Amino acid sequence: MNIVFDKQQDHEQVVFCQDPRSGLRAIIAIHSTALGPALGGTRFYPYESDEAALADVLRLSRGMSYKSAMAGLDLGGGKAVIIGDPAQARSEALLRAYGCFVESLGGRYITACDVGTYCADMDIVARESRHVTGRSAANGGAGDSAVLTAFGVLQGMKAAVEHRYGTPSLLSVRVGVEGVGKVGSRLVDHLIDEGASVTVYDVDDSAVAAVVARHPAVEVAADRESLMSVDSEVYAPCALGGVLTEETAARLGARIVCGAANNQLAEGAVAKALADRDVLYLPDYVVNAGGLIQVADEIGGFDFARAQARVAQINATTHRVLDTAAEMGVAPVEAADLLARQRITEIGALRSLHRPQPRPVPAA
């Protein structure tokens, strides 16, 4: 059953999805279709409550609108969450039921992978819906979007380092990476290739062990607090969001924050707290757009070289955000928000030119 959630939000539509037979309980949030269909991944996570799931999907879908806008895509922003433990609840029936709900939205929402979902899951969802990206290469998709997400974060990080230190080189730059899962582990690979000194932390010991096995020189922090307080040039949050609070910002040892996690700031006031300490915070939706660009490229028939070239432009976009922030005397997150809203407004307004105006009803 679809239930449209109506609240004091700037979202176009929020749909609650439930199928008792398969056990599916999900929420699809469409923030904006001003630039095109809302594209965003599906997060499969054991939320502690429906309210927590709703709050997360609303935040994430809004971020996707801004991410699409800053990436220069003709796509809007949306997101979905499936409520439950993927290790226990994942099944063909549940994923196909979810696909039916995605299809019922008629293309207003296009889904992809996110935390807890994989290309194999999207292949199953696609058996019920045409509006699916992030599919496996064997089924014509782009494969794991973490590949270009990590590459994009690297481009943003180089821009931030150049802005702060005058050179884009990461040689001997110390980077603390929190979360070495699908994206974080690939980011570590890039950083080691660039000659950076890397410290990592993850709650999953096996994920840390896998990274250290590939790169013995990588240091391991005992806990999150140790990683965040270490004296470094860059802190790269690549796990779940909300890790930066006013308290953690006060003891952060890094001069730059640039990572792949969505919604890194627990609240808006954290951006000011970081700025007050002269910590350069790169808006997550600017630097982690590589995965979105990768799956968006599937819509026209995926070409890796083309997608990678587009992701490389995150470097120039980051410079634009930083230059705009400096010119306006505001934090980079404020400059990015302004640039994103400007594009959504200006380009979104053009869509009305393509819509036929209703004919006047003749007088009786």
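The values are calculated or read from the model by the stated rules, or taken from the named source; none is laboratory data. Values in this document were obtained by computation on a predicted structure and should not be read as measured data. When we count neighbours, we look across all protein chains shown, and the Cβ atoms used for this are built from the backbone with ideal geometry, even at glycine. Side chains are part of the model used for accessible areas, which takes the heavy atoms of the whole protein and leaves out ligands, DNA and RNA. Shrake-Rupley method; radii C 1.70, N 1.55, O 1.52, S 1.80 Å.
Give just the number: which of (1) touching a Ser or Thr at 6+ places or on another chain (Cβ under 8 Å); (2) surrounded by 24 or more Cβ atoms within 10 Å (Cβ to Cβ); (3) farther than 13 Å from Cys258 by Cα; (4) at pLDDT 95 or above does Val177 not satisfy?
Tallying (1) touching a Ser or Thr at 6+ places or on another chain (Cβ under 8 Å); (2) surrounded by 24 or more Cβ atoms within 10 Å (Cβ to Cβ); (3) farther than 13 Å from Cys258 by Cα; (4) at pLDDT 95 or above, Val177 fails exactly one: (3).
Do the conditions hold for Leu154, that is, is it touching a helix residue (DSSP H, G or I) at 6+ places or on another chain (Cβ under 6 Å) and buried (at least 22 other Cβ atoms within 10 Å of the Cβ)?
yes
Having 2 or more residues that are within 27 Å of Val333 (Cα to Cα) is the bar; report the helices (runs of 4 or more DSSP H) wholly within segment 123-216 that clear it.
By residue number, 146-165, 184-193.
Considering only segment 227-255, state which residues are touching an Asp or Glu at 6+ places or on another chain (Cβ under 6 Å) and assigned to a strand (DSSP E or B).
Result: Pro237, Arg255.
In segment 23-45, is there at least one residue being over 28 Å from Leu338 (Cα atoms), modelled with pLDDT of 95 or more, touching a helix residue (DSSP H, G or I) at 6+ places or on another chain (Cβ under 9 Å) and of a type in the set (Gly, Ala, Ser)?
yes
Every residue in segment 63-102 that is hydroxyl-bearing (Ser, Thr, Tyr) and either at pLDDT below 95 or under 30 Å from Ala316 (Cβ atoms) (or both), please.
Ser65, Tyr66, Ser68
If we keep just the residues of segment 226-280 that are more than 21 Å from the chain's Cα centre (by Cα) and without any contact (Cβ under 8 Å) to a residue 12 or more places away in the chain, which is least open to solvent (accessible area, probe 1.4 Å)?
Checked segment 226-280; the qualifying residue least open to solvent (accessible area, probe 1.4 Å) is Asp276.
So, in segment 335-364, of the ones that are open to solvent by 100 Å² or more (accessible area, probe 1.4 Å) and not in a loop (DSSP other than H, G, I, E, B), which residue ends up modelled with the lowest pLDDT?
The residue in question is His354.
For segment 212-233, which positions are modelled with pLDDT of 95 or more and among the charged types (D, E, K, R)?
Selection gives Arg214, Glu219, Glu233.
Look at Ala69 and say whether it is buried (at least 24 other Cβ atoms within 10 Å of the Cβ), touching a Gly at 6+ places or on another chain (Cβ under 7 Å) and on the phi < 0 side of the Ramachandran plot.
So Ala69 fails the test.
Here are some conditions: (1) within 26 Å of Arg343 (Cβ to Cβ); (2) open to solvent by less than 40 Å² (accessible area, probe 1.4 Å). Arg59 meets all but one. Which one does it not meet?
Evaluating Arg59 over (1) within 26 Å of Arg343 (Cβ to Cβ); (2) open to solvent by less than 40 Å² (accessible area, probe 1.4 Å) leaves (2) as the failure.
Scan segment 313-343 for residues that are of a type in the set (A, V, I, L, M) and under 18 Å from the mean Cα position of the chain (by Cα) and report the count.
So the count comes out to 6.
For segment 146-164, check the following and say yes or no: at least one residue is farther than 30 Å from Glu298 by Cβ and of a type in the set (Asp, Glu).
So far as segment 146-164 goes, yes, one or more of its residues are farther than 30 Å from Glu298 by Cβ and of a type in the set (Asp, Glu).
Go through segment 47-87 residue by residue and tally those that are free of Cβ contacts under 8 Å to residues at least 24 places away in the same chain and hydrophobic (A, V, I, L, M, F, W, C).
3
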